[in-house]
Amino acid sequence: MSEEPEQIVWAGKFITAKVRGKWEYVARSRGIRAAVILAIDEEDHVLLVEQYRVPLGKACLELPAGLVGDDDSLAGEDAAAAANRELIEETGYRAARMEVLGEFFSSPGMVSESFTMLRAHGLEQVGPGGGTDGEDITVHRVPLAELPAFIESARKRGLGIDVRLLMLLGPGILGGR
């Protein structure tokens, strides 16, 4: 474990580039956290979103997600409230209840960011979704049984595939072990 001091190389509104010894990494600025939502409805359809991601230079297929308290008006917001807000904004669905599944790290060799994974229960469609402020999000409601083929089709169309979708592919990847 490195005992060397952390140095900030650059800081923006949402991310900070840091160095500790020989290790370079990125952190969220101002302690901002993320919430990621696993939303599976009563008919075993999972809600996914497709949106352009600048770092990839292309659209990416993902679970709905967003930042907790990313706006000054949302100071003190908890992960469940942020998850429900983001779920409505991105997909047009509201959850009757959010279950916290735990804290996880996206890419711990490069990013210090963690996210809270939440499971949405009691989904009700209340709007069209699509995001806010020009996010231009496409909502997909995909039967779990068809998810592997849907992801493969998205990959063939040139979309990036978020690593968190692996958890939904897990049983097929493990081959019934």
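The values are calculated or read from the model by the stated rules, or taken from the named source; none is laboratory data. Source: prediction; values computed, not measured. With ideal geometry, Cβ positions are generated from the backbone for all residues, glycine too; neighbour counts draw on all protein chains shown. Surface accessibility is based on the protein's heavy atoms, side chains included, excluding ligands, DNA and RNA. Shrake-Rupley method; radii C 1.70, N 1.55, O 1.52, S 1.80 Å.
Here is a yes/no grid of residues against (1) buried (at least 18 other Cβ atoms within 10 Å of the Cβ); (2) under 23 Å from Gly160 (Cα atoms):
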| site | (1), (2) |
| --- | --- |
| Phe14 | no, yes |
| Trp23 | no, no |
| Ala27 | no, yes |
| Asp44 | no, no |
| Leu48 | yes, yes |
| Val54 | no, yes |
| Gly57 | no, yes |
| Pro64 | yes, yes |
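From the list Glu135, Glu99, which one is among the acidic types (Asp, Glu) and more than 21 Å from Ile15 (Cβ to Cβ)? Give the derivation first.
On the way: Glu135 fails: more than 21 Å from Ile15 (Cβ to Cβ).
Matching residue, one of Glu135, Glu99: Glu99.
Give the residue that is farthest from Thr16 (Cα to Cα), with candidates limited to residues of the stretch 85-113 that are open to solvent by 50 Å² or more (accessible area, probe 1.4 Å) and over 16 Å from the mean Cα position of the chain (by Cα).
Per the criteria, the residue is Ala96.
Looking at the stretch 7-42 only, could you name the residues that are outside any strand (DSSP E or B) and free of Cβ contacts under 8 Å to residues at least 40 places away in the same chain? Write out each step before concluding.
Pass one, the stretch 7-42, residues outside any strand (DSSP E or B): 12-14, 21-22, 29-32, 41-42.
Within the stretch 7-42, Gly12, Lys13, Gly21, Lys22, Ser29, Arg30, Gly31, Ile32 qualify.
For the stretch 34-42, check the following and say yes or no: at least one residue is open to solvent by 30 Å² or more (accessible area, probe 1.4 Å) and not acidic (Asp, Glu). Talk me through it step by step, then tell me what you get.
Applying the first criterion (open to solvent by 30 Å² or more (accessible area, probe 1.4 Å)) to the stretch 34-42 yields 42.
So of that shortlist, the ones also not acidic (Asp, Glu) come out as none.
Checked against the condition, which is being open to solvent by 30 Å² or more (accessible area, probe 1.4 Å) and not acidic (Asp, Glu), the stretch 34-42 yields no hits at all.
Residue under question is Ile151, and the condition is that it be in contact (Cβ under 8 Å) with a residue 24 or more places away in the chain, more than 13 Å from Leu47 (Cβ to Cβ), in contact with a helix residue (DSSP H, G or I) (Cβ under 7 Å, 6 or more places away or on another chain) and not basic (Lys, Arg); does it hold? Full working, then the answer.
Details: in contact (Cβ under 8 Å) with a residue 24 or more places away in the chain: yes; more than 13 Å from Leu47 (Cβ to Cβ): yes; in contact with a helix residue (DSSP H, G or I) (Cβ under 7 Å, 6 or more places away or on another chain): yes; not basic (Lys, Arg): yes.
So Ile151 passes the test.
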